[in-house]
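Asks: Before we start, here is the structure in question, set down as structure tokens.
Throughout, read-outs are computed from the coordinates displayed, never taken from laboratory work. The model shown is predicted, which means the values in this text are computed figures rather than measured ones. When we count neighbours, we look across all protein chains shown, and the Cβ atoms used for this are built from the backbone with ideal geometry, even at glycine.
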Amino acid sequence: MVFRHSKRLYSALLLSLLLLYQQPRAQVQTPPADTTATDKADQAALHQALLDLTNPWTVMCVAAHPDDEDGSTLTVLRRKYGIHTVSLFSTFGEGGQNAVGPELYEELGVIRARETMAASQVQGSEPHFLGFRDFGFSKSAEETFRAWGEKELLRRMVLQIRLLRPDAIITNHDTTSGHGHHQATGRMILQAFDAAADPKQFPEQLAQVSTWQVQRLFVRSRGAETSTTTISIDPNEKDPVRGTTFAQQALSGLQKHATQGPWPRTVPASGARVIRYSLVKQTSSATPLPENAKTPVDGLRLPEQVAAKLVAPTIDEKPLTQFIDRRLELLVSLLSARRRGVFTAPKEVFDLDPQRFKLMSSRLNRAVAAATGAAVYLSSAGSELVPGEEAKLEAIVANAGIAEIQIKQVTFRGLGAELKLETPDKMPPGTEVSADVKVTTPRTYALTVPSSEHLYDGRLFGEPLDMEAELTIEGTTFVVDNESRRDIVPQVEIVDVKPSPYVTTPATSQKPLDFHVRVQSHLKTDFRGLLRMSGPSLETGHEINLKPNGAETSNLVVRPLSLAGQIQGSELTVTVDLPVPKEPIAKRTVPLIYADAVVVSARKVGYLPSYDETLERALAALGVDAKKLSVDDIAKSDLTPYHTIVIDNRGYEAHRDLIGANSRLLKFVEDGGTLVVFYHRLNEFRSEFAPYQITLGNERVTEEDAPVTFLQPKHPLLNFPNKITQKDFADWVQERGLYFPKEWDQRYTAILATSDRGEPLLKGGLLVAPYGRGNYIYTSFVWYRQLREGLPGGYRFFANLISYGRRKED
Ligand SMILES: [Zn+2]
């Protein structure tokens with residue numbers, strides 16, 4: 001569509017801008033030879049902003065966990081076509097494993113949420129979370145529905161569809177295969193497709209949102225068949241703007257999910273697989289999917305009045321992306337579009353699809369901002385907010401463009417305040433202005449740290465602070481905005497108390513309890529106060545002095561709590577107190593646990609930890625003479641002083657060079673040692689690492705209360721030095737074990753059998769075999785989760801594992 005008056009307006013603007021802009025035009029058109037990475041990124045951002053003006057459609061990708069999203073398709077849809085892409089995750093993935101650090105559960109959920117944000121940036125998509133608890137691997141949709149609530153899952157999905165209003169939905173999950181969370185998510189999105197459009201479903205939501213009819217729903221198809229109801233997305237095409245293929249971009253997005261690695265380093269030379277989706281649902285009013293459709297929205301049509309108001313601006317009827325190197329013309333065209341009211345509509349048309357108009361309008365604002373080089377943000381200094389303290393924030397408005405910008409109004413919104421900031425009224429090209437934001441964090445504001453306690457309450461990323469600048473170039477007004485988030489922190493934060501929980505055993509219950517407490521001041525002044533620990537009939541503490549924003553790690557040693565029964569189920573409280581009045585300003589609790597677990601005397605244990613301190617803590621709690629080993633120690637040092645060596649879960653993955661040193665471990669066993677190897681994933685452990693064949697399978701036992709059978713009730717591992725009973729398998733967390741061996745040499749003895757209810761018994765979870773003068777143990781049970789949780793049964797069994805074998809004569 002051509003606007004009659006646009007040419008004239010365009011010429012007038014061009015002329016006046018030319019006068020403003022003094023440099024010769026040739027320089028604008030030819031980028032300097034040494035284009036830096038930032039220039040390239042700016043160029044890509046501008047290109048994206050211009051492309052976005054051409055596409056009014058929204059596609060939603062539905063996934064159960066972070067890293068289940070189809071990053072390749074999301075990347076192609078946004079980067080190639082400018083489609084607005086959102087992803088919807090059922091959980092934060094906190095029930096998964098962590099391949100890079102010690103965090104698990106809610107702490108892992110926080111990291112995975114951040115990884116998802118980073119991956120989304122690469123894909124150009126917008127992540128949203130339903131916030132269901134990830135309780136670990138489950139095998140059926142039914143188990144998942146029991147935990148989440150079937151109706152609640154539908155309710156949250158429907159609300160997000162009504163809020164985000166996708167035209168098409170895609171998902172990797174079918175209704176019958178894989179993880180129970182996947183099946184449940186795949187099954188429910190089919191229902192949500194219809195329910196979101198039905199005013200009788202969740203009518204209470206309609207006070208906040210309208211019903212919404214998604215046009216099409218696609219499920220990833222693993223077969224190679226193509227038909228008229230299939231779309232194929234080939235991510236191997238090179239993105240001319242970014243110089244890499246979409247598959248390469250998607251892979252670098254996937255790699256952001258680092259806790260779930262290792263990921264492939266490169267796209268295979270033969271290229272990434274072509275992705276196929278089958279159309280499984282379509283509204284009766286939707287246009288049929290055209291043959292050879294390239295995107296889920298191909299062929300969809302908007303009502304005519306709406307479409308007429310969503311026509312992208314052009315120059316000489318060519319898309320603006322073709323003018324990326326002609327900044328001035330681009331700028332003039334965008335300002336003229338803004339002035340003409342492109343993407344706005346009379347109320348009766350606007351009301352037909354308000355969200356789409358708002359989306360396209362904000363896209364136009366973003367394109368203008370990218371073309372003008374205008375930006376507004378809060379400086380990163382003083383990044384945290386303390387209730388009752390002045391927030392020391394600074395607003396920056398920048399002009400990285402080629403024309404002078406007038407500042408009409410800069411507004412800060414946040415912390416219950418709306419402030420109009422004092423700024424100069426114009427910014428020449430290449431300059432920025434700043435303004436103090438004088439606002440005090442209300443005393444009543446609740447903290448957002450530790451983040452792991454805010455996974456489900458919507459305050460995970462902190463308090464939102466909005467900046468908005470109303471700017472003018474040549475009489476045309478446009479808006480740039482920016483939302484950032486800051487944590488609300490106490491004056492002084494207890495960052496960490498180690499160990500927690502505190503486990504004692506008969507060997508350690510008479511020793512003083514030794515804690516390390518890390519505190520961090522968030523004050524801009526010195527802090528003087530008390531670090532205190534109190535518990536059942538004890539109290540200790542000392543003064544602490546912290547510099548502005550200073551941190552320190554303090555030792556707190558408390559006398560032994562002599563009676564085992566007395567500490568069971570109790571906890572210690574650590575506080576930071578103001579000296580006067582003696583008022584606690586930060587608090588943490590530490591559970592105290594007594595485990596009746598003993599290790600044979602004078603045992604010396606070496607251990608190779610993988611991702612956390614669980615082994616170190618457990619061995620200390622058992623009072624064992626233990627030494628942390630490195631792969632280098634294993635490869636080169638004398639191992640004869642050790643009775644037992646423990647390789648932590650996924651140790652061959654965490655330490656790739658351990659494979660090269662493995663013959664030393666086998667020699668250690670041959671010479672009389674006991675080697676205990678914790679669980680590994682299928683592809684991480686090869687049979688030749690063990691003295692005799694062990695072939696891992698894919699089987700898991702996910703019910704943490706699955707029955708456990710003692711196959712060899714008289715075996716020392718079940719009797720010495722601790723007599724193991726069913727009680728030791730009560731109250732387990734997360735699961736029984738994973739990647740159980742499916743085949744093993746007959747020289748191994750299988751000690752325990754278990755399985756999820758209704759499934760075949762798995763007998764390979766704990767295998768032990770004599771080798772040379774020593775013993776080799778491989779175990780797929782998740783002992784580490786039980787040790788970390790402080791489960792007495794876990795300590796009793798672990799004590800038997802490290803006590804196993806003779807060598808007592810040494
Ligand atoms: Zn998943």
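Asks: Non-local amide H neighbours of Lys139 (under 5 Å, H modeled in plane, Pro and chain starts lacking H): which ones?
Replies: Long-range HN contacts for Lys139: Gly180.
Asks: If I model a spin label at Thr444 and Asp42 as a point 7 Å from the Cα along the Cα→Cβ vector, what separation in nanometres do I get?
Replies: 4.5
Asks: Could you tell me which residue out of Gln282, Gly660, Pro760 lies farthest along the dipole of the chain toward its positive end? Charges go on the beta carbon: Lys and Arg +1, Asp and Glu -1, centred on the Cα centre.
Replies: My answer, from the dipole projection, is Gln282.
Asks: Treating only the Cβ of Lys, Arg, Asp and Glu as charged (+1, +1, -1, -1), what charge dipole size does region 292-441 show about its Cα centre? Round to the nearest 20 debye.
Replies: The dipole of region 292-441 has a size of about 520 debye.
Asks: So, one more: Cut-off is 10 Å between beta-carbons; in what order do Ile724, Ile473 appear when sorted fewest neighbours first?
Replies: Final ranking by Cβ density, sparse to dense: Ile724, Ile473.
Asks: Taking the Cα centre of region 43-153 as origin and charging only Cβ (+1 Lys, Arg; -1 Asp, Glu), how large is the dipole, in debye to the nearest 20?
Replies: Here region 43-153 has a charge dipole of around 380 debye.
Asks: Here is a further query. Quick one: length gained pulling Gln208 to Ser140 fully straight, 0.36 nm per residue minus the C-alpha distance?
Replies: Net length gain for the segment: 21.1 nm.
Asks: How far apart, in nm, are the 7 Å Cα→Cβ label points at Val580 and Ile324?
Replies: The answer from the label model is 6.6 nm.
Asks: So, R0 is 35 Å and r is the distance between the beta-carbons of Glu470 and Lys294; what FRET efficiency does that work out to, to 0.05?
Replies: In this case the efficiency is close to 0.35.
Asks: Let me ask you something else. Using each residue's phi in region 535-549, evaluate 6.51 cos²θ - 1.76 cosθ + 1.60 at θ = phi - 60° and report the 3J(HN,Hα) Karplus result to the nearest Hz, with x for Gly and Pro.
Replies: x, x, 6, 8, 7, 8, x, 7, 6, 10, 10, 10, 6, x, 6
Asks: Something else: Please report the antiparallel percentage of the DSSP beta bridges confined to the chain, to the nearest 5.
Replies: DSSP beta bridges in the chain are roughly 75 percent antiparallel.
Asks: Oh, and also: Report the charge-dipole magnitude of the chain in Debye, nearest 20, computed about the Cα centre from +1 at each Lys and Arg Cβ and -1 at each Asp and Glu Cβ.
Replies: Charge dipole, the chain, about its Cα centre: 840 debye, nearest 20.
Asks: While we're looking at this one, here's another question. May I ask you to list the residues of region 85-106 whose amide nitrogen lies under 20 Å from a point 7 Å from Cα along the Cα→beta-carbon direction of Asp657?
Replies: So the set is 100-101.
Asks: Measure off 7 Å from each Cα along the Cα-to-Cβ vector at Thr287 and Ser380, then give the distance between these two points in nanometres to one decimal.
Replies: Output for this residue pair reads 4.5 nm.
Asks: Post the alpha-carbon centroid distance, region 188-257 to region 504-558, in whole angstrom.
Replies: Taking the Cα centre of region 504-558 as reference, the centre of region 188-257 is 50 Å away.
Asks: Excluding residues fewer than 8 places away in the same chain, name every one of the lysines whose C-alpha is closer than 30 Å to that of Lys547.
Replies: Lys392, Lys438, Lys498, Lys524, Lys582, Lys587
Asks: As an exercise, use a Förster radius of 41 Å and the Cβ-Cβ distance of Asn236 and Thr640 to find the FRET efficiency, rounded to the nearest 0.05.
Replies: After rounding to 0.05, the efficiency reads 0.15.
Asks: What is the extension gain from Gln406 to Val557, computed as 0.36 nm multiplied by their sequence separation minus the C-alpha to C-alpha distance, in nm to one decimal?
Replies: 48.2 nm
Asks: If you don't mind, another one. Looking at Ile593, Val580, Ile645, which one has the Cα that reaches farthest to the positive end of the dipole of region 580-691 (charges on Cβ: Lys, Arg +1; Asp, Glu -1)?
Replies: Farthest towards the positive end: Val580.
Asks: Then there is this: Based only on other Cβ atoms within 10 Å, what is the fewest-to-most ordering of His179, His542, His173?
Replies: So the ranking, lowest neighbour count to highest, is His542, His179, His173.
Asks: Here is a further query. Quick one: Lys347, Lys498, fewest Cβ neighbours within 10 Å first, how do they rank?
Replies: With the sparsest Cβ surroundings first, the list reads Lys347, Lys498.
Asks: How much mean residue ellipticity at 222 nm does the chain get from its helices, if each DSSP H run of length 4 or more adds -39500 (n - 2.57) and you divide by all residues, to the nearest 500 deg cm²/dmol?
Replies: Dividing the helical sum by the residues of the chain leaves -7500 deg cm²/dmol.
Asks: Which whole-Hz couplings ³J(HN,Hα) result when phi for each residue of region 327-344 is put into the Karplus expression 6.51 cos²θ - 1.76 cosθ + 1.60, θ = phi - 60°, listed in order with x for Gly and Pro?
Replies: Along region 327-344, the couplings run 4, 5, 4, 4, 4, 4, 4, 5, 5, 5, 4, 4, 5, 6, x, 4, 6, 10 Hz.
Asks: Can I ask one more? Note the full-extension length gain between Lys392 and Thr540 as 0.36 nm times their separation in residues minus their Cα-Cα distance, in nm to one decimal.
Replies: Roughly 49.7 nm would be gained on extension.
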